[in-house]
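Below is one structure; the comments refer to it alone.
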Amino acid sequence: MQLEKPPILIPVNRFEAWLSASGAGIVVKEFPEGTRTALDAARAVGCELGQIVKSLVFVARGRPVVALVSGANRLDERRLAMVAGEPVVKADAEIARTATGYSIGGVPPFGHATEVPVFMDRDLLGYAEVWAAAGRPDSVFEIEPGRLRELSNATVTDLKVVADSNPPPALDPTKSSTSRGPLERAASPASAEEDLPK
């Protein structure tokens with residue numbers, strides 16, 4: 001009598017199981033050196049930092065949301081608040097895991113455990129292909145930005161911090177000498193009284 005060999009079980013994470021069930025046709029790639037940060041992922045994949053999709057979990061107006069941000073950009077929480085509602089605070093590890101089903105550093109842009117609103121950085125549309133987390137801190141997948149928007153049901157918006165091209169007068173050295181320098185302060189009634197001789 002010949003015994004049947006037991007099937008070889010390959011561990012599949014929740015996201016890969018979701019991909020398989022959805023028929024999205026996305027291939028997950030594993031990088032043992034890790035893809036936890038955008039810089040780690042860009043090095044592992046061999047792409048530009050801007051092609052990495054950071055999936056950042058926040059709480060906006062009391063509910064979890066995901067912001068998909070280009071790896072080259074910093075998220076402007078004020079801009080996120082304009083589309084997701086105020087106040088906006090970074091989600092802690094427990095909220096992120098409960099809302100998405102994944103730990104920080106491996107949160108994918110879709111396939112979450114709950115219905116989470118997703119907002120996508122417009123700059124991601126400037127690339128032919130981008131790379132996003134695949135549920136673990138050592139796995140990513142390549143996707144066209146339009147398909148990313150479609151599968152995540154994301155609202156595309158401007159999310160990056162933009163440098164202010166008009167600095168406040170006190171910090172702009174080109175302004176006239178009548179503007180206050182950084183060490184000067186306006187005399188308030190209280191400070192004027194303190195300066196009077198006794």
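At a glance:
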{"item": "Flag if Ser152 is out of contact with any Lys or Arg (no Cβ under 8 Å at 6 or more places or on another chain) and modelled with pLDDT under 95", "result": "no"}
{"item": "Residue in the stretch 117-136 that is acidic (Asp, Glu) and at pLDDT below 95 present", "result": "no"}
{"item": "Where Asp123 falls short, out of the listed (1) in contact with a strand residue (DSSP E or B) (Cβ under 7 Å, 6 or more places away or on another chain); (2) surrounded by fewer than 20 Cβ atoms within 10 Å (Cβ to Cβ); (3) over 25 Å from Gly25 (Cα atoms)", "result": "(3)"}
{"item": "Test: residue in the stretch 85-107 that is more than 15 Å from Ala134 (Cα to Cα), of a type outside the set (Lys, Arg), buried (at least 21 other Cβ atoms within 10 Å of the Cβ) and in contact (Cβ under 8 Å) with a residue 60 or more places away in the chain", "result": "no"}
{"item": "Any strands (runs of 3 or more DSSP E) falling wholly within the stretch 21-125 and containing at least 1 residues that are within 15 Å of Arg136 (Cβ to Cβ) and over 17 Å from the mean Cα position of the chain (by Cα)", "result": "28-30"}
{"item": "Scope the stretch 46-55; condition more than 17 Å from Asn153 (Cβ to Cβ) and aliphatic (A, V, I, L, M); matching residues", "result": "Leu49, Ile52"}
{"item": "Among residues of the stretch 20-64, those that are surrounded by fewer than 20 Cβ atoms within 10 Å (Cβ to Cβ), hydroxyl-bearing (Ser, Thr, Tyr) and farther than 17 Å from Gly111 by Cα, counted", "result": "1"}
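The values are calculated or read from the model by the stated rules, or taken from the named source; none is laboratory data. In this text, all values refer to a predicted model and were calculated from it rather than measured experimentally. All Cβ positions, glycine included, derive from the backbone under ideal geometry; neighbour counts span all protein chains shown.
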